[in-house]
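Asker: Mind having a look at this structure? Questions to follow.
The values are calculated or read from the model by the stated rules, or taken from the named source; none is laboratory data. Since we're looking at a predicted model, the values are computed, not measured. Don't worry about glycine lacking a Cβ; one is built from the backbone with ideal geometry, like all the others, and counts go over all protein chains shown. Protein only, heavy atoms only, side chains kept; ligands, DNA and RNA dropped before computing areas. Shrake-Rupley method; radii C 1.70, N 1.55, O 1.52, S 1.80 Å.
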Amino acid sequence: MTSVSIREVAPRDGLQNEEPIPTDSKVRLIDALSETGVRRIEAVSFVHPKAIPQMADADEVWRQAKKNPDIRYSALIPNTRGAQRAIAAGFREIEVVVSASDTHNRRNLNRSTQESLDDIAGLIPLVHDAGATLEVIVATSFGCPFEGDINPERVAAIVARVHADGADRIAFGDTTGMATPRRVRDLLSAVRPDLLHFHNTRGTGLANILTALELGVTEFDASVGGIGGCPYAPGASGNVATEEVVHMLHDMGIDTGIDLDHLIKTAELAEKLLGRTLPSGVLRAGPRTRLV
């Protein structure tokens, strides 16, 4: 393996778990990330402002953000209405989330997993007719804070359903950081995603990525500074930090196309915008971890 693709999710997944910040601060973060060499950015989500007030200004953020033609920008949606907004805003890469855990799906989307799957089946033609692609993110794939362990067969059944309905891509989300290398091997032995999204809540994020790499996965989500989480899942703090992932991969001789120095500076900007210290170990260690 010589290269890995990283999708930067701080502007959406990262900021949704923080106190709301001004629109221009969100735009500054997206624009700064666009200059790091990252080739994919999850920019906003089109959700009801009462559900996720941090994303209430999604349309304005996207209108103001500079669009680098070399970057693939995407938006997350919860349902058909969100898809309509994303398409109207000009997005051609759209993600929709459904939880393997029925309890978490009801907390997150106010409907059952089956109801979400039925809605996804109906919105796929809408997305495709607009010339866009749809990625289905299966949340709580590695465990649920309400239901505990999730049987890999349940995740596999969801994947089979959305593939049959015409989904373009599949991602697995480790919503509360319950994944371990053992759980990664168990799930990926049953069903294989296009992309993996790990949290570092329990300190296993990099180990999980390394395990997935050994199993052949080459696409991952990460969030600059390690910010992020799910407001509707207790303990879902801390995505795996982009700069830590990039540092590890580059040291292994695996290319990401990302400038680590520039990425660390962007993490420092995120600290200033949020007004707090971020958890990234690379950010804390500073130049000693930077590769020559």
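Asker: May I ask you to order 238-251, 72-85 by the average number of other C-beta atoms within 10 Å around their residues, highest value first?
Answerer: Going by the mean number of other Cβ atoms within 10 Å, highest first, we get 238-251, 72-85.
Asker: Order of 270-277, 197-204 by packing, highest average Cβ count within 10 Å first?
Answerer: The densest-packed peptide leads the list: 197-204, 270-277.
Asker: Same structure, new question: Near the amide H of I137, under 5 Å away, which other amide H atoms are found, from residues 5 or more places off or on another chain, if H is placed in the peptide plane?
Answerer: So I137 has HN proximity to V96, V97, V98, A171.
Asker: Another question about this same structure. Arrange the peptides 169-181, 153-165 so that the one whose residues have, on average, the most other Cβ atoms within 10 Å appears first.
Answerer: Highest to lowest by the protection proxy: 169-181, 153-165.
Asker: Something else about it: Multiply the residue gap between T218 and A51 by 0.36 nm, knock off their C-alpha separation, and tell me the result in nm, one decimal place.
Answerer: Answer, rounded to one decimal: 56.9 nm.
Asker: Rounded to the nearest 0.05, what FRET efficiency is calculated for A88 and A285 with R0 set to 41 Å and r the Cβ-Cβ distance?
Answerer: After rounding to 0.05, the efficiency reads 0.40.
Asker: Okay, moving on. Can you list the lysines whose alpha carbon is less than 23 Å from that of K265, not counting same-chain residues fewer than 8 positions off?
Answerer: Of all the lysines, those that pass the test against K265 - Cα under 23 Å, at least 8 places apart if same chain - are K26, K66, K67.
Asker: What share of the DSSP beta bridges in segment 144-247 is antiparallel, in percent to the nearest 5?
Answerer: Percent antiparallel among DSSP bridges in segment 144-247 is about 35.
Asker: Continuing with the same structure: Give the percent of DSSP beta bridges with both residues in the chain that are antiparallel, rounded to the nearest 5.
Answerer: Antiparallel: roughly 10 percent of the beta bridges in the chain.
Asker: For the residue pair D31 and K67, what label-to-label distance in nm results when each label sits 7 Å from Cα along the Cα-to-beta-carbon direction?
Answerer: 1.7
Asker: Let me ask something else. Work out the length of the dipole vector of segment 1-70 about its Cα centre, built from +1 on the beta-carbon of each Lys and Arg and -1 on the beta-carbon of each Asp and Glu, and round it to the nearest 20 debye.
Answerer: Around 220 debye, computed over segment 1-70.
Asker: With contacts defined as alpha carbon pairs under 8 Å and 6 or more residues apart, what's the relative contact order of segment 1-122 in percent?
Answerer: So the answer I get is 21 percent.
Asker: Next up: Calculate one ³J(HN,Hα) per residue across segment 26-42 by plugging θ = phi - 60° into the Karplus curve 6.51 cos²θ - 1.76 cosθ + 1.60, and present them in order as whole Hz with x for glycine and proline.
Answerer: Ordered by residue, 3J(HN,Hα) equals 5, 5, 4, 5, 4, 5, 5, 5, 5, 9, 8, x, 5, 10, 9, 9, 8 Hz.
Asker: Bin all alpha-carbon pair distances of the chain at 5 Å intervals from 0 and give each bin's fraction as a whole percent.
Answerer: Histogramming the chain at 5 Å steps yields 1, 6, 13, 18, 20, 19, 13, 8, 2, 0, 0 percent.
Asker: Taking Cα pairs under 8 Å and at least six residues apart, what relative contact order does the chain come out at, in percent?
Answerer: 20
Asker: For segment 96-143, what is the accessible area per residue in Å², given a 1.4 Å probe and the full set of protein chains?
Answerer: In whole numbers, segment 96-143 has 34 Å² accessible per residue.
Asker: On the protein heavy atoms, probe 1.4 angstrom, tell me the percent of accessible surface of the chain carried by carbon and sulfur.
Answerer: Carbon and sulfur: 48 percent of the exposed surface of the chain.
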